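Inspection log for the structure reproduced underneath, given as structure tokens.
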Amino acid sequence: DVHAFYGKKTPEGNVIADADELCMYLLNDAHVSTVSGKAFGEPNCIRISFANSIEKIETGFAKIKKALEALS
């Protein structure tokens, strides 16, 4: 559930309005692909695939954490 990030501003000044926008922010700023939960009946959630090596998964989560910490 990512609704706690709604209303936060990106470093570029864009406001995150929903999970779709958060997914695009993570793709563009963290270079990590996520999917909005809207298509799965959970509009306040995002979906993450773990189909990779543990090292790349850890790197991806570090990038997500850094991007989320940059929101204000």
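The values are calculated or read from the model by the stated rules, or taken from the named source; none is laboratory data. Every value quoted in this text rests on a predicted model; they were computed, and no experiment measured them. Glycine gets a Cβ as well: all are built from the backbone with ideal geometry, and neighbour counts include every protein chain shown. For accessibility, only protein heavy atoms count, side chains too; no ligands or nucleic acids. Shrake-Rupley method; radii C 1.70, N 1.55, O 1.52, S 1.80 Å.
Name the residues in the range 51-72 that are within 12 Å of F5 (Cβ to Cβ) and either open to solvent by less than 90 Å² (accessible area, probe 1.4 Å) or in a loop (DSSP other than H, G, I, E, B) (or both), would you?
Listed by number, the residues that qualify are I64, A67, L68, A70, L71, S72.
List the number of the failed condition for I48; all other conditions in (1) modelled with pLDDT under 95; (2) open to solvent by 90 Å² or more (accessible area, probe 1.4 Å) hold.
I48 satisfies every listed condition except (2).
Cβ-Cβ below 6 Å, separation at least six or inter-chain, first residue in the range 3-32 and over 16 Å from F61 (Cα atoms), second charged (D, E, K, R) and at pLDDT 95 or above: which pairs?
What qualifies is V15/K9; I16/K8.
Quick check, is L27 modelled with pLDDT of 95 or more, assigned to a helix (DSSP H, G or I) and crowded, with 17+ Cβ neighbours inside 10 Å?
No: the conditions fail for L27.
A17 versus (1) among the aliphatic types (A, V, I, L, M); (2) open to solvent by 70 Å² or more (accessible area, probe 1.4 Å); (3) part of a loop (DSSP other than H, G, I, E, B): which is the lone unmet condition?
For A17, the failing item is (2).
Of everything in the range 13-50 that's among the polar types (S, T, N, Q) and touching a Cys at 6+ places or on another chain (Cβ under 9 Å), which residue is nearest to V2 (Cα to Cα)?
Result: S36.
Would you mention how many residues in the range 30-42 are outside any helix (DSSP H, G or I), of a type outside the set (S, T, Y) and surrounded by 15 or more Cβ atoms within 10 Å (Cβ to Cβ)?
Residues in the range 30-42 being outside any helix (DSSP H, G or I), of a type outside the set (S, T, Y) and surrounded by 15 or more Cβ atoms within 10 Å (Cβ to Cβ): 2 in total.
Looking only at the range 49-57, decide whether some residue is free of Cβ contacts under 8 Å to residues at least 40 places away in the same chain and of a type in the set (K, R).
Scanning the range 49-57 turns up at least one residue that is free of Cβ contacts under 8 Å to residues at least 40 places away in the same chain and of a type in the set (K, R).
So which residues in the range 5-14 are more than 16 Å from K66 (Cβ to Cβ) and surrounded by fewer than 11 Cβ atoms within 10 Å (Cβ to Cβ), if there are any at all?
Selection gives G7, G13.
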